[in-house]
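**Q** This is the structure I want to talk about, given as structure tokens.
Coordinate-derived values only; no laboratory data. Note that the structure is predicted; figures quoted are calculated from it, not measured. Because the Cβ atoms are built from the backbone with ideal geometry, glycine has one as well, and the counts that use them run over all protein chains shown.
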Ligand SMILES: Nc1nc2c(ncn2[C@@H]2O[C@H](COP(=O)(O)OP(=O)(O)OP(=O)(O)O)[C@@H](O)[C@H]2O)c(=O)[nH]1
Ligand SMILES: [Mg+2]
């Protein structure tokens, strides 16, 4: 895999360089505006475009030395491309000892994270949690994606799509957006963008961002409308972060909005589950009730009728376990006072996210929460979900820390995750 990063004045400049350096099969995996660092007068330099391109060279692969990060000189005021070149290590990882493997893998880990545009300002991903096998799998997936994307892009060029649209197609698909959706978007954009603007990259990018913002729905946290009591349940597969997210939401409601909050849990079958929530409830000084069935749930809701927010945590359930799913539906579905939020981890595979949603979707779902954005390297799955299921996104979570690692989902933030609009 050959990866290069360029700092240029405009996309045309980058495309020329990329073609020369990497050939016609290179694809663009990210574009973003960056501010040049202070110049010698102590003023901020102009805004430039940072473009990262990739090309799979599997066919010509040779053993390569450990990766070297070439520090490039300051970018000249004339916008001469700064190239950041990193070579991936050779695939003979199994022969290396563990430490050597870890050392060799570090730049790949960083590259994968960087490549897919980790969210600025977010805490460091938990690098340690990724195993060597996972990383090798990631790399081979990326290789495959780069090859496929190169072929698809050539096909799009044959359909006379402007290069700017092809570049954005590549960026979106590389970031996990389903190819069919990305294709539809750029074809729609082609029809709607005035001819004279098609060569204006920032214009085309913002145009597509706006289209995406129209497609997705967000509630921006707990919906503000109405003054009535809000009752939420968090449902979803095991280990996605339901309990942690419930604690984060509760604590924001208490600390920021000074709301009266009570927590409920129906997680009665996992050892330690209640203790986990009890610990959070104690810190926040909110009541915690354990309920075992529908009758108890309704009684408890009555008991806290003068509270602003009731949060119901549920035990993780496998979407394939029909009995568990039935039980959950029985408990929550008929209760129209309760809004059910499906919690999904952004690290879960796209097809699995769909399977989970279809199964949990047999009960009424009022919205979704995507967790573990800090551990994910591609955010297209969030858009695929929004397009397929049309469910509003309420929150995004970005780490293990309670209460800080949560944010209300906004369209701007979501589109930025996919397209890097905000820049640096
Ligand atoms: N990196 C990261 N970890 C998270 C995030 N949210 C939760 N976790 C971690 O994920 C693990 C599981 O979290 P829980 O809140 O217990 O998940 P759960 O869905 O309640 O799990 P079950 O009740 O067993 O189904 C814990 O180690 C959390 O700290 C997040 O946004 N990012
Ligand atoms: Mg839990």
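**Q** Please label the shape of segment 366-424 as rounded, prolate or oblate, based on the square roots a ≥ b ≥ c of the eigenvalues of the alpha-carbon gyration tensor (a/c under 1.5 means rounded; beyond that, a/b larger than b/c means prolate, else oblate).
**A** oblate
**Q** Also, I was wondering about something else. Starting with the fewest neighbours, write out 354, 378 ranked by other beta-carbon atoms found within 10 Å of each beta-carbon.
**A** Numbers: 354 17, 378 23.
Fewest to most other Cβ atoms nearby, the residues stand as 354, 378.
**Q** Testing the spin-label approximation: label points 7 Å from Cα along Cα→Cβ at residue 422 and residue 206. State their distance in nm.
**A** A separation of 1.8 nm, rounded to one decimal place.
**Q** Mind ranking 400-406, 344-350 by how tightly packed they are, going by the mean number of other C-beta atoms within 10 angstrom, highest first?
**A** Ranked by mean Cβ neighbours within 10 Å, highest first: 344-350, 400-406.
**Q** Once you sort the root eigenvalues of the Cα gyration tensor of segment 308-348 as a ≥ b ≥ c, which label holds: rounded (a/c under 1.5), prolate (a/b larger than b/c) or oblate (the other case)? Could you put the intermediate results ahead of the total?
**A** On the way: a/c = 2.45, a/b = 1.21, b/c = 2.03.
Oblate, because a/c is 1.5 or more while a/b does not exceed b/c.
**Q** Among 205, 256, 242, what is the fewest-to-most ranking by other Cβ atoms within 10 Å?
**A** 256, 205, 242
**Q** Let me ask something else. Which of rounded, prolate or oblate describes segment 230-408 when judged by the alpha-carbon gyration tensor and an a/c cut-off of 1.5?
**A** Oblate, because a/c is 1.5 or more while a/b does not exceed b/c.
**Q** Okay, moving on. Over what distance in Å are the Cα centres of segment 348-421 and segment 220-253 separated?
**A** 14 Å
**Q** By per-residue mean of other Cβ atoms within 10 Å, what is the highest-first order of 194-200, 17-23?
**A** So the order, starting with the most tightly packed, is 17-23, 194-200.
**Q** Under a point spin-label approximation (7 Å from Cα along Cα-to-Cβ), what is the residue 57-residue 137 distance to one decimal in nm?
**A** 2.8 nm
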